[in-house]
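The values are calculated or read from the model by the stated rules, or taken from the named source; none is laboratory data. Worth saying up front: this structure is predicted, and the values here are computed from it rather than measured. Backbone-built Cβ (ideal geometry, glycine too); neighbour counts: all protein chains shown.
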């Protein structure tokens, strides 16, 4: 039965080594700047004239500033504080870098301090603005106005610095000097800002495993790599020039990733790092594999109540997983396994699945095969990792060995499966059936507590109780459908 279902879905498999390829790309992207600077940093560049710096940095950064400003405006129209924050940071960074390039001695003006000040300030200032994403208030629509005010004031200050500095060069001292004490302090502060951003971006990638989120990690790494050349080297060093290239490339990479999300009508949040595992369930088409969405659609067509049940169970499971401190990769697998844990019911005859009465012994024996049919289907489709398949296969197992289909004992049941099992049983109890009324929340938890340590894991039951205790109302499944439809 499962084979026919897999053929009917006609879902294009994703290569099994996609994540390995992404991680290899991450390694290469992170190594390239370091290797380049290690071998080329101190090569002499007297042959590169002032015009190369003026055009290569000043003009290109000016274009980048207008592009970042456009990104900000799109964020305002979308009421997306995260995009406005990224756009504001890149607008200020690109504007400082543009002034830095336009102040190149020997082109528009002579020797001046503007070039040193703007060159040293660009990356630390930009990193500091991006680090403001840690403040939840600035990520909400209400935070857009303060961000726009900040961007306006910052741009006026940058342009004013450029005009005054180039009109009267003596007013702006050439500080900080390369490798000086202030330069090293700025380097340490800047690296701290970007380290936080890299960790946030990496967390988001491990949850979504989207290449676009991986690109953000690489882009921030390149911005970080541009800090040492900007603050420790001089224009006679090739590394100083390479740093400018890494900076512009980093801005372009991150900005493009944000623009891609905007094009897909998805809130862009890789730098913010506030993506929760529950959102993987609510917006599975955007953040998970497209095949998950296709399978859920097939399940909804066959039995809508089963599909709704899987969404509720998946939501509970990832919330419990976060409560227990599971890392991003396991939360992602838990989201996929939760959404697909009953996918084997695609192979159950409708007369049994939708029977308006209690099942007899033979019919229940058929139902009990759905975990095996589900894992068989995922194997045939390919691309689903072992963790997700194990969740589909074992979500009806019990610690006392009385579960099905394999009758696993406690030592063979992992924590992720125990989480899914508890959430599955809870939702089944509180959901109405044709042959019985829905249990109350209190009665369902009482049963789970009673069988904790024998059938169910005590930690998982306690964590589920905490998650449910924080909720003001039961989850509205219509929100999931709206989110999935708009993703």
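Restricted to helices (runs of 4 or more DSSP H) entirely inside region 351-410, those with at least 1 residues that are at pLDDT below 95 and farther than 21 Å from residue 435 by Cβ are 370-381, 386-394.
Checking 157, 167, 192 one by one, the residue that is within 19 Å of residue 105 (Cβ to Cβ) and surrounded by fewer than 16 Cβ atoms within 10 Å (Cβ to Cβ) is 167 and no other. Taking the listed residues 461, 422, the one that is touching a strand residue (DSSP E or B) at 6+ places or on another chain (Cβ under 6 Å), surrounded by 15 or more Cβ atoms within 10 Å (Cβ to Cβ), assigned by TED's automatic domain parsing to the domain that holds residue 359 and within 30 Å of residue 351 (Cα to Cα) is 422, with no other qualifying.
Filtering region 428-459 to residues that are within 21 Å of residue 338 (Cα to Cα) and assigned to a helix (DSSP H, G or I) leaves 428, 429, 430, 441, 444, 445, 448, 458, 459. Applying the criterion of being surrounded by 20 or more Cβ atoms within 10 Å (Cβ to Cβ) and closer than 18 Å to residue 64 by Cβ to the residues of region 230-246, the residue that is nearest to the chain's Cα centre (by Cα) is 246. Restricting 145, 78 to residues that are without any contact (Cβ under 8 Å) to a residue 12 or more places away in the chain and surrounded by fewer than 23 Cβ atoms within 10 Å (Cβ to Cβ) narrows the list to 145. Checking region 188-207 against the condition returns a match, with at least one residue being more than 26 Å from residue 83 (Cα to Cα) and part of a helix (DSSP H, G or I).
From the list 258, 212, which residue is farther than 18 Å from residue 28 by Cβ and assigned by TED's automatic domain parsing to the domain that holds residue 73? It is 258.
I need the full set of residues from region 155-172 which are outside any helix (DSSP H, G or I) and without any contact (Cβ under 8 Å) to a residue 60 or more places away in the chain, in order please. Within region 155-172, just 168 meets the criteria. Scanning region 227-236 for residues that are in contact with a strand residue (DSSP E or B) (Cβ under 9 Å, 6 or more places away or on another chain) and either modelled with pLDDT of 90 or more or not assigned by TED's automatic domain parsing to the domain that holds residue 105 (or both) yields a single hit, 229.
Criterion first (more than 24 Å from the chain's Cα centre (by Cα), assigned to a helix (DSSP H, G or I) and at pLDDT 70 or above) does residue 38 satisfy it? So residue 38 passes the test. Hey, any hits in region 291-298 for a residue that's without any contact (Cβ under 8 Å) to a residue 12 or more places away in the chain, farther than 17 Å from residue 428 by Cα and surrounded by fewer than 21 Cβ atoms within 10 Å (Cβ to Cβ)? Checked against the condition, which is being without any contact (Cβ under 8 Å) to a residue 12 or more places away in the chain, farther than 17 Å from residue 428 by Cα and surrounded by fewer than 21 Cβ atoms within 10 Å (Cβ to Cβ), region 291-298 yields at least one hit. The residues on offer are 57, 84, and the sole one that is within 30 Å of residue 137 (Cβ to Cβ) and modelled with pLDDT of 85 or more is 84.
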